[in-house]
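Colleague: Provided herewith is a single structure, encoded as structure tokens, for subsequent inquiry.
The values are calculated or read from the model by the stated rules, or taken from the named source; none is laboratory data. Given the structure is predicted, the values throughout are model-derived calculations rather than measurements. Cβ placement follows ideal geometry from the backbone for every residue including glycine, while neighbour counts extend to all protein chains displayed. Accessible surface areas use protein heavy atoms only, side chains included; no ligands, DNA or RNA. Shrake-Rupley method; radii C 1.70, N 1.55, O 1.52, S 1.80 Å.
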Amino acid sequence: MKILLGQTLSFVADPFAVDPTASALWDRRGAVVVDETTGHIVEVGQPDALKRNFPDAEVVDHGDAMILPGFIDAHVHYPQTGIIASWGKRLIDWLNSYTFPEEARFHDAAYAREIASRFFDLALSHGTTTSVSFCTIHPESVEAYFQEAGKRGLRALGGKTCMDRNAPDTLRDTAQSAYDASKDLLSRWHGKDRLSYVVTPRFAPTSTPEQLEAMGALWAEHPDCLMQTHLSEQTEEIDWVKELFPNARDYTDVYDHFGLLGPGALMGHAIHLSDRERARLAEAGASLIHCPTSNTFIGSGLFDMAGLKGEGQVVGLATDTGGGSSFSMLRTMAAAYEVSQLRGTALHPAQLLWLATCGSAQSIGLGDRIGTLARGYDADLVVLDLASTEAISQRAVRAEDIWEQVFPTIMMGDDRAVHATYVAGRRV
Ligand code: GUN
Ligand code: ZN
């Protein structure tokens with residue numbers, strides 16, 4: 001048992017639904033009791049009371065640093081770790097030039113292990129304790145992902161990326177082999193430790209109707225799994241989907257037709273949506289995953305955060321590394337702020353922090369397990385130094401409230417702001 005001392009911030013409501021300043025409980029000097037044996041948060045409260053109640057617990061004083069739930073990256077491609085920040089292309093060219101050649105290397109189990117290990121080390125050093133990742137078409141890439149997550153005691157979700165057209169020969173499966181291999185991986189990994197399998201058709205352009213149908217069937221057989229894909233990221237992609245699926249009403253309808261829409265469907269990007277699509281996505285209860293550093297880096301467009309949250313959509317936040325240009329959820333929050341500013345809305349710091357923790361947790365169906373600092377939740381934590389650089393600290397000292405104090409770290413922070421990370425109560 002450990003008692004962690006520091007500033008504590010716990011969300012009690014969705015800051016898009018209530019006054020953001022009233023959405024969280026903040027303690028200038030709070031305490032969190034964690035149990036490494038169960039991996040859970042035992043209690044959140046006042047230091048003196050908790051020291052009295054847990055006299056044998058080791059006290060770890062993080063001073064002025066802020067204890068938060070670990071960040072949750074709801075959409076990432078771990079196999080693209082090595083090609084992050086590749087120059088000068090838009091989506092389809094970027095996939096063909098950089099992504100597919102790199103992903104082709106993951107038939108090699110040793111290489112897959114090396115990159116998965118590097119990815120999780122980078123994620124942890126940036127305070128990210130849960131990732132939802134696409135792997136490659138190779139089962140080896142899924143094995144590597146779950147093995148490396150399991151070794152670190154992490155909660156991780158992911159699946160084999162299925163593609164049976166419009167990709168190089170070495171990166172294509174078939175409808176049947178995608179179904180069989182996914183099902184086999186699912187049965188081996190789903191529910192093991194804190195690992196969950198995610199049914200993963202890459203996106204409509206790289207799957208035949210037969211493959212999408214097979215993915216829909218697999219998901220229907222395993223409704224406790226999530227399903228992840230990409231939706232309406234770039235205009236050229238949307239035009240291509242129209243050509244490939246001439247009978248569909250729109251891009252969303254393609255997934256809907258094959259049973260790939262519903263609660264637990266994670267739709268990466270979801271930028272260029274018609275009113276019909278928005279209404280249907282809300283009705284279906286699908287999750288829209290905002291990937292702001294990717295959307296500016298690849299030049300995709302401006303996600304309508306205020307509008308989509310306002311109409312009741314479920315929204316999560318993600319890096320989309322390596323289309324995204326950072327492993328940092330702080331940098332991702334900053335990009336979300338900037339994208340939203342360009343659409344005319346300034347997101348409140350509470351909304352940004354909520355999206356990276358509680359909001360992302362809810363978007364992946366784990367709102368009752370992670371993303372909140374409260375008794376019984378997984379003890380996955382990040383401890384942020386709110387004065388990690390000269391530029392940040394000289395601004396933060398002028399702050400008149402906690403939101404003004406944390407905002408410079410959101411806008412200018414990176415892994416230097418991550419003072420400590422805890423996984424299931426263990427400091428890593
Ligand atoms: N759409 C289909 N595949 C991908 C991918 O790997 N990255 C991004 N950003 N968009 C995609
Ligand atoms: Zn993606």
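Colleague: Could you check which residue among Ala282, Ala178, Ala417 shows the biggest mean-square fluctuation in a GNM of the chain with a 10 Å Cα cutoff?
Modeller: Ala282
Colleague: Moving on to the next point. Given segment 246-301, report the % of alpha carbon pairs whose separation exceeds 15 Å.
Modeller: Cα-Cα pairs in segment 246-301 separated by more than 15 Å: 48 percent.
Colleague: Rounded to the nearest angstrom and ordered from largest down, what semi-axes does the equivalent ellipsoid of the chain get from its C-alpha gyration tensor (root of 5λ)?
Modeller: Semi-axis lengths for the chain are 35, 24, 19 Å.
Colleague: Summing +1 for each Lys or Arg and -1 for each Asp or Glu, what net charge is found among the other residues whose Cβ lies under 9 Å from the Cβ of Gly150?
Modeller: Computed value for this residue: +2.
Colleague: Okay, next question. Take the cross-link list Lys89/Lys151; Lys2/Lys151; Lys160/Lys242; Lys151/Lys183 and give me the ones stretching past 31 Å between alpha-carbons.
Modeller: Table pairs above 31 Å Cα-Cα are Lys89/Lys151.
Colleague: Now a separate question. Counting only protein heavy atoms and a 1.4 Å probe, tell me what percentage of segment 181-259's accessible area is made up of carbon and sulfur.
Modeller: Whole-percent figure for carbon plus sulfur exposure: 51.
Colleague: Oh, and also: In whole Å, what is the distance between the alpha-carbon centres of segment 313-347 and segment 1-28?
Modeller: So the two Cα centres are separated by 21 Å.
Colleague: Something else: Enumerate the residues in segment 4-40 having an amide nitrogen under 17 Å from the point lying 7 Å beyond the Cα of Asp64 toward its Cβ.
Modeller: Only 5-9, 27-30 pass the distance filter.
Colleague: A further question on this structure: If you roll a 1.4 Å probe over segment 323-428 with all protein chains in place, what percent of the accessible area is carbon or sulfur?
Modeller: Summing carbon and sulfur atoms, their accessible area is 45 percent of the total for segment 323-428.
Colleague: Would you mind telling me the share, in percent, of accessible area of segment 1-132 contributed by carbon and sulfur at probe 1.4 angstrom?
Modeller: Percent of accessible area from carbon and sulfur atoms in segment 1-132: 51.
Colleague: If you average the alpha carbon positions of segment 111-166 and of segment 190-237, how far apart do those two centres end up, in angstrom?
Modeller: 16
Colleague: Using only protein heavy atoms and a 1.4 Å probe, report how much of Lys183 is accessible, in Å² to the nearest 10.
Modeller: 70
Colleague: Among Asn166, Cys358, Tyr422, flag the residue with its Cα farthest along the positive direction of the charge dipole of the chain, charges on Cβ as +1 for Lys/Arg and -1 for Asp/Glu.
Modeller: So the residue we want is Tyr422.
Colleague: Counting only DSSP beta bridges with both residues in the chain, what percent are antiparallel, rounded to the nearest 5?
Modeller: If we restrict to bridges inside the chain, about 40 percent are antiparallel.
Colleague: Around Asp93, what is the net charge, scoring Lys/Arg as +1 and Asp/Glu as -1 over all other residues with Cβ under 13 Å from its Cβ?
Modeller: That sum, taken over residues with Cβ under 13 Å, equals 0.
Colleague: Would you work out which of Thr332, Ala399, Ala318 lies farthest towards the positive end of the dipole of the chain, given +1 charges on the beta-carbon of Lys and Arg and -1 on that of Asp and Glu, about the Cα centre?
Modeller: Ala399
Colleague: Let me ask something additional. For Thr345, what is the net charge nearby, where nearby means another residue's Cβ is under 11 Å from its Cβ and Lys, Arg count +1, Asp, Glu -1?
Modeller: Summing Lys/Arg as +1 and Asp/Glu as -1 gives +1.
Colleague: Still on this structure, please answer the following. Please give the per residue accessible area of the chain, computed with a probe of 1.4 Å over protein heavy atoms only, in Å².
Modeller: About 36 Å² of surface per residue is accessible.
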